[in-house]
Amino acid sequence: MTLAVLIVAAGRGTRAGGATAKQWQPLCGRRVIDHTLAAFTGHPAVNRIVVVIHPDDRAQAISLETLGITLVTGGADRAASVRNGLAAVQDCDSVLIHDAARPCVSRAVIDGVINALAHNDGAAPGLAVSDALWLGDGAQVTGTQDREGLFAAQTPQGFGVASITAAHDRYDGPAADDVAVARAVGMRIAITAGSADNLKITTAADFARAARTLEPKMDIRTGNGFDVHAFGPGDHVMLCGVKVPHPQGLVGHSDADVGMHTVTDAIYGALAKGDIGQHFPPTDPQWKGAASDIFLRHAAGLARDMGFEVSNVDCTLICETPKIGPHAGDMQATLADIIGIDPDRVSVKATTSERLGFTGRGEGIACLATATLVKP
Ligand SMILES: Nc1ccn([C@@H]2O[C@H](COP(=O)(O)OP(=O)(O)OP(=O)(O)O)[C@@H](O)[C@H]2O)c(=O)n1
Ligand SMILES: C[C@](O)(CO)[C@H](O)COP(=O)(O)O
């Protein structure tokens with residue numbers, strides 16, 4: 001099935017005002033229409049995008065052709081613009097007709113229409129009316145209206161290309177939307193889930209509402225880590241990148257830096273990207289005796305690649321010996337340097353387990369860590 005998207009953008013936006021029609025006005029760093037198009041350009045089911053424009057807007061629209069978008073000139077009303085656009089998608093099976101003035105449409109709303117289209121003549125998102133409804137003469141309530149069964153119509157509205165073209169050809173007079181045109185020839189239209197965010201910019205105040213929806217939301221994530229290494233032969237332990245003299249070493253495939261491993265796992269955990277063993281398998285000989293800063297650098301780099309900053313790390317070593325206090329400052333500075341954040345965002349502290357359990361018996365060192373990551 002080939003799917004076309006028809007974006008109607010030939011209106012004048014008289015209710016919204018402004019020096020140029022609303023779809024060409026700026027919104028969160030780009031034009032309204034650029035947000036609208038972004039919702040469809042990356043969609044795997046979409047094969048073709050046609051934008052219907054007003055002849056006066058050609059200069060503003062021309063750059064869209066470099067994105068592979070076809071430009072078509074619109075008509076005197078929305079229905080006429082849709083008809084002109086449909087002429088350009090006759091080689092496609094289905095079409096989603098969408099207002100350029102609805103820049104906040106989500107993938108979920110689009111997919112709801114596409115999925116319902118497989119089993120219906122047409123499908124369109126609707127939002128059940130939740131407010132009480134009045135009839136009025138402007139200043140006075142003159143009556144009430146039952147809201148039961150009433151929906152606010154949204155776009156995209158999806159149809160088979162042949163059937164909606166035939167419906168438009170037969171239609172005469174004004175039409176609020178393409179569902180009205182389709183129903184006039186008896187097509188059955190499914191109502192799919194609309195969204196309050198999928199607003200149509202109609203008045204100047206709607207720009208601020210759309211901006212609130214489109215503004216990137218801060219993403220804050222927390223991850224935890226836990227690791228244990230047993231004591232074995234040696235004369236020092238590596239803890240959080242610092243060499244600490246000790247009558248025993250720690251046993252491990254790498255340098256067994258239990259602190260560094262735990263902090264690394266906390267960062268992977270916050271990213272939901274597995275754990276250290278998944279990225280650096282202990283069965284792989286290349287990590288034998290490796291300095292553990294490799295692991296932490298990888299986790300911190302992955303966080304950066306995914307757009308996150310490590311906000312802070314809190315690491316607790318659990319052991320009877322060695323004494324951590326005298327080295328905690330160096331450990332903080334070392335971890336902070338590897339992660340690439342200020343040392344005052346890294347905490348290294350220690351506790352004993354009151355001689356209880358394996359750490360209490362001096363059989364090894366355990367460590368707990370928490371990392372908080374922020375995508376601004
Ligand atoms: N002749 C027209 C009229 C409207 N539209 C498009 O249809 C969508 C919904 O219409 P509406 O919000 O009413 O837009 P305008 O007609 O531009 O607004 P106004 O009535 O305030 O002038 C908009 O994306 C608009 O650009 C169109 O392509 N061709
Ligand atoms: C098609 C539409 O977006 C459905 O809600 C709407 O009817 C078009 O805008 P208008 O403000 O009704 O002209």
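The values are calculated or read from the model by the stated rules, or taken from the named source; none is laboratory data. All figures in this text were calculated on a predicted structure; none of them were measured in a lab. Positions of Cβ are backbone-derived with ideal geometry, glycine not excepted, and every protein chain shown enters the neighbour counts. Please note that ligands, DNA and RNA were not included when accessible areas were found on the heavy atoms of the full protein model with its side chains. Shrake-Rupley method; radii C 1.70, N 1.55, O 1.52, S 1.80 Å.
Worth pointing out:
- Within the shell of other residues whose beta carbon sits under 14 angstrom from the beta carbon of Thr70, the net charge comes to 0, with Lys and Arg scored +1 and Asp and Glu -1.
- Extension gain, His279 back to Arg183 (0.36 nm per residue minus Cα-Cα distance, nm): 28.9 nm
- Within the straight-line cut-off of under 15 Å between alpha carbons, the aspartates and glutamates reachable from Lys200 are Asp34, Asp99, Asp177, sequence neighbours fewer than 8 places apart in one chain being disregarded.
- Portion, in percent, of the accessible area of the stretch 219-375 that falls on carbon or sulfur, probe 1.4 Å: 53 percent
- Using the Cβ-Cβ distance between Ser311 and Asp146 with R0 set to 41 Å, the FRET efficiency works out to roughly 0.20.
- Efficiency of FRET between Ala19 and Thr41 - r from beta-carbon atoms, R0 22 angstrom, step 0.05: 0.25
- Centre separation in Å (Cα based) which lies between the stretch 329-356 and the stretch 171-241: 36 Å
- Computed Kirkwood radius, in angstrom, where 1/r is averaged over Cα pairs of the stretch 3-214: 17.7 Å
- Potential lengthening between Ala333 and Gln286 on full extension [0.36 nm per residue; Cα-Cα distance subtracted]: 14.2 nm
- Averaging the Cα positions of each part gives two centres, and for the stretch 24-44 and the stretch 94-162 these lie 21 Å apart.
- Note on Arg209 and Lys375: with the Förster distance fixed at 22 Å, the Cβ-Cβ geometry gives a FRET efficiency of about 0.40.
- Over the chain: helical MRE at 222 nm, DSSP H runs n ≥ 4 each giving -39500 (n - 2.57), nearest 500: -8500 deg cm²/dmol
- Accessible area per residue for the stretch 219-375, computed on protein heavy atoms with a 1.4 Å probe, is 47 Å².
- Taking a Cβ cut-off of under 15 Å around Leu127, the surrounding Lys, Arg, Asp and Glu residues balance to a net charge of -1, with basic ones at +1 and acidic ones at -1.
- Local charge for Ile97 was computed over the other residues whose Cβ lies under 12 Å away, with Lys and Arg +1 and Asp and Glu -1, and equals 0.
- Out-of-range pairs (alpha-carbon distance over 27 Å; input Lys273/Lys375; Lys273/Lys323; Lys217/Lys273; Lys243/Lys288; Lys323/Lys375): Lys273/Lys323; Lys323/Lys375
- Spread over its residues, the convex hull of the C-alpha atoms of the chain is 229 Å³ per residue.
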